[in-house]
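Following: one structure in structure tokens, then a few remarks.
Read the figures in this text as sums done on the coordinates, not as results from a lab. The structure presented is a predicted model; accordingly, all values stated were derived computationally and were not measured. Cβ coordinates were reconstructed from backbone atoms using ideal geometry, including for glycine residues, and neighbour counts include every protein chain displayed.
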Amino acid sequence: MKRREFVGRLGLGSAAILAGGAMAGAGRKAAAKAQHDHTQVEGPLAAATVSFGQWKMPLDRHPVGGTPPATNQHLLIPYVAMIRAGGSVNFIISGLHQIGIYEPGTELTDIDPDLIAQPPTMPPTINDPDRRLYRGISPIGIAQDRIEVVTFAEPGLYLVVCLVRPHFVNDKMHGYVKVVE
């Protein structure tokens, strides 16, 4: 088969798949559009940055012959971040952490640390879905430094925790996002 024939057949097949998908997904498109809000949020409370864990110095993150010692603070800084409804928080994650965001009114004691994500990981991560609005990427097997950006549409005081069980249980690693009108 010549390249031109291959490209022609690929184009025909792709067009048929796209057309079929478009027709089948017309109802989903309307629903998806209703879920997307592209209204711009401006001003000083449009976004906030939260340091989700921090590396302590001195530290050599490229040691010869092993892993660096545990030199990570299990803190959210600032402890209370404030934004306007529709704004976002940039969680800058440093270390082996997983974000959990719970609806306003949720207390630390409402989260069951014995509900462990499956399959179990080491260290274990908490999977308590009750009143949870957001669970970030599992930190197991990925880069320890990353950013997750989350939008908060409704006013309230949201509890933000680390779902890595030892950080939650031993260090009470948590903070809040206060969303105002």
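Neighbours of ASP110 by Cβ distance under 12 Å: Lys/Arg scored +1, Asp/Glu scored -1, total -3. Derived scalar couplings between HN and Hα for the range 145-157 equal 10, 6, 10, 10, 10, 10, 9, 10, 7, 10, x, x, 10 Hz in order, rounded to whole Hz, by the Karplus curve 6.51 cos²θ - 1.76 cosθ + 1.60 (θ = phi - 60°), x for Gly and Pro. The Stokes-Einstein estimate for the range 47-180, based on a Kirkwood radius over Cα pairs and taken at 4 °C with 1.567 mPa s viscosity, is a diffusion coefficient of 85 µm²/s. Annotation: the antiparallel percentage among DSSP beta bridges lying fully within the range 47-180 is about 70. Per-residue packing, averaged as other Cβ atoms within 10 Å, sorts the ranges 156-168, 114-126 into the order 156-168, 114-126, beginning with the highest.
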